[in-house]
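**Student:** This structure is in structure tokens; I'll ask about it shortly.
The values are calculated or read from the model by the stated rules, or taken from the named source; none is laboratory data. Keep in mind it's a predicted model, so treat the numbers as computed, not measured. Here the Cβ positions follow ideal geometry from the backbone for every residue, glycine too, while neighbour counts run over all protein chains shown.
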Amino acid sequence: MTLGGKAAIVTGAAGGIGRASALLLARRGAALVVADRDPGAEETAALIRAEGGRAEAVVTDCATEEGAALFTARAVAAYGRLDILHANAGVSGPLVPSLTTGGAEFAEILRINLIGPWLAITAALPHLGKGASVICTASVAGLRAGAGGIPYSASKAGVINLVQTTASALAGTGIRINAVAPGLVETPMTAPLYDAARARGREDRIGQLNPLQRGGEAAEIAEVVAFLASDAASYVNGQVLVADGGLSCSHPFAPRPPGS
């Protein structure tokens with residue numbers, strides 16, 4: 001699954017899944033543009049360069065037409081091509097379902113999580129050719145209820161449909177588009193949940209509802225992204241690869257260890 005000679009963009013790359021994906025794509029040989037409105041994108045680029053990779057950082061709002069045009073132009077100018085887009089930038093909003101979320105807050109979550117990937121895709125398309133790969137970060141929260149707040153879950157359900165409908169619209173181009181749907185993963189976005197569990201001495205209960213009975217790591221999601229980005233996934237298109245420890249494989253129940 002080497003990516004030598006390919007150029008990639010990763011949005012939301014200041015930390016978490018975005019940073020882990022950028023680092024792994026670079027280790028597999030891709031040249032990177034890492035984008036985020038958080039200046040931590042500069043640190044991600046520095047980490048890649050420290051490992052001998054090629055990376056440039058763009059600090060911008062990735063969910064604007066101007067931002068998408070900026071990081072796309074930087075990739076084409078720096079590397080002369082574009083082969084991989086990981087549209088990952090996102091926000092969580094309320095962590096639990098609430099019926100009091102205002103319209104402006106709801107719209108902002110949709111702007112970043114759903115319109116942002118669309119703007120990245122449309123900016124990248126003129127530079128993508130046969131064999132190119134687009135990966136969007138969705139979530140198990142977009143599959144069914146119980147894994148996030150209402151605006152976040154709705155936005156990620158939108159990402160899943162965006163991938164499916166865009167794959168159909170790209171018929172005949174040879175460009176693939178897929179999504180990865182993580183479960184509970186420790187990132188800056190989920191830090192409040194992890195911090196609260198640790199403060200109560202209940203860290204061992206993190207991820208208890210999935211069959212692996214643990215939370216995930218950003219590096220594990222990055223492996224899925226790298227697979228989808230590679231030619232090893234050349235016949236995978238319009239799909240959502242779920243990486244959630246098995247959370248979404250069953251209806252809710254309280255799992256018990258064997259013999260208990």
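**Student:** Please verify whether ALA55 is under 17 Å from ALA120 (Cβ atoms), touching a residue at least 24 places away in the same chain (Cβ under 8 Å) and under 21 Å from the mean Cα position of the chain (by Cα), treating the condition exactly as stated.
**Tutor:** No, not satisfied.
**Student:** From the list LEU70, LEU82, LEU99, pick out the single residue that is free of Cβ contacts under 8 Å to residues at least 60 places away in the same chain and either under 18 Å from the mean Cα position of the chain (by Cα) or under 30 Å from ALA31 (Cβ atoms) (or both).
**Tutor:** LEU70
**Student:** Still on this structure: Go through the stretch 234-255 and give me each residue that's within 28 Å of ILE175 (Cα to Cα), surrounded by 11 or more Cβ atoms within 10 Å (Cβ to Cβ) and not small (Gly, Ala, Ser).
**Tutor:** Result: VAL236, ASN237, GLN239, VAL240, LEU241, VAL242, ASP244.
**Student:** State whether the residues of the stretch 115-122 include one that is more than 21 Å from VAL224 (Cα to Cα), hydroxyl-bearing (Ser, Thr, Tyr) and crowded, with 22+ Cβ neighbours inside 10 Å.
**Tutor:** no
**Student:** Say whether the condition of being within 18 Å of PRO151 (Cβ to Cβ) and part of a helix (DSSP H, G or I) is met by at least one residue in the stretch 120-129.
**Tutor:** Scanning the stretch 120-129, I find no residue that is within 18 Å of PRO151 (Cβ to Cβ) and part of a helix (DSSP H, G or I), so the answer is no.
**Student:** May I pose another question? Right, LEU114: over 21 Å from ALA218 (Cβ atoms), within 14 Å of the chain's Cα centre (by Cα) and aliphatic (A, V, I, L, M) or not?
**Tutor:** Yes.
**Student:** For HIS251, only one of the following conditions fails: (1) assigned to a helix (DSSP H, G or I); (2) over 22 Å from the mean Cα position of the chain (by Cα). What is its number?
**Tutor:** (1)
**Student:** Do the conditions hold for ASP231, that is, is it at pLDDT below 95, surrounded by fewer than 17 Cβ atoms within 10 Å (Cβ to Cβ) and of a type in the set (Asp, Glu)?
**Tutor:** no
Conditions tested, residue by residue: (1) part of a helix (DSSP H, G or I); (2) modelled with pLDDT under 95; (3) crowded, with 20+ Cβ neighbours inside 10 Å.
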site: ASN178; (1), (2), (3): no, no, yes
site: ALA181; (1), (2), (3): no, no, yes
site: GLY201; (1), (2), (3): no, yes, no
site: ASN210; (1), (2), (3): no, yes, yes
site: GLU223; (1), (2), (3): yes, no, no
